[in-house]
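Working notes, beginning with the structure itself.
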Amino acid sequence: MVDSPPRADPPYIPIRHTRWPARRTPRWLLLAGLVLLVIAALVGLTHRPSTAERAADLRGFLRNMNADIESCAGGVSESLTALHAIQSGASHDTPTAINIAQVGAANCSPANNELLDNLTQFQVTESLASFRLTRVVSGLVTWAAPDAQQVQTDVADILTARSPQARASASAALRRARAELDAKRAAVDSVIESASAALSAHAVPPTLPG
């Protein structure tokens, strides 16, 4: 009987059914990341703005408010001045007075005035969050539209009235609209004055006619 020659097959290696081991993030790297997060949180908690810094922030806030509302507020002043000049006899240029009021009313709309549009999107800095100055921002927006718009529309209505009855009706509407302006201005000023007193900022509210 002839012996079979020895087999030269490669050794049997079973197929691996488990996943290859995943490469893990070194523990020291995880600890370092955690330490950085803790440090950032502590810095955020410990760095509180001083009273002087918050007072400066308030004055800066009011400069922004005044710059954004001034174009509308100036139109209200000009419209009321033009009306008074016509009624007192100091001027007889009624068409110009009407134009001043109509242009001023349009300019108090955020859709027509980029500065007022900026005001509708203004974000109060975090250092002043406790003073609820968002009420000032929203109060100025509504002071402009619709309140200041209505005042100037009423001025134009008085100047274009064709009868004593129409003029009397428009005048009564103007008195109501100006009273609304005064109330809105008082509410805005109250919030500002409270914040200013708390910070000894000596901050001045925006100049709003009424």
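Numbers below:
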read-out: Förster-model FRET efficiency, 35 Å R0, Thr160 and Glu53, C-beta, rounded to 0.05; value: 0.10
read-out: Summed residue charge, Cβ within 11 Å of Leu80's Cβ, Lys/Arg positive, Asp/Glu negative; value: -1
read-out: The stretch 89-163 - Rg and Dmax from Cα coordinates, angstrom; value: 16.6, 55
read-out: Globularity ratio of the stretch 54-199, using Cα Rg and 2.2 N^0.38 Å; value: 1.17
read-out: Relative contact order, percent, the stretch 60-210 [alpha-carbon distance under 8 Å, six or more residues apart]; value: 30 percent
read-out: Summed side-chain charge close to Asn66 - residues other than Asn66 whose Cβ falls under 14 Å, Lys, Arg +1, Asp, Glu -1; value: 0
read-out: Only Lys, Arg (+1) and Asp, Glu (-1) charged, at Cβ; the stretch 54-199 dipole about Cα centre in debye; value: 340 debye
read-out: Per-pair calculated FRET efficiency, R0 = 30 Å: Gln123 and Thr81 via Cβ, rounded to 0.05; value: 0.30
read-out: Cα centroid of the stretch 160-192 to Cα centroid of the stretch 72-97, whole Å; value: 15 Å
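The numbers here are math on the coordinates, done by the rules we state, and not lab data. Quick caveat, the model's predicted, so the values are computed rather than measured. For neighbour counting, all protein chains shown are included, and Cβ atoms are generated from backbone atoms with ideal geometry for every residue, glycine included.
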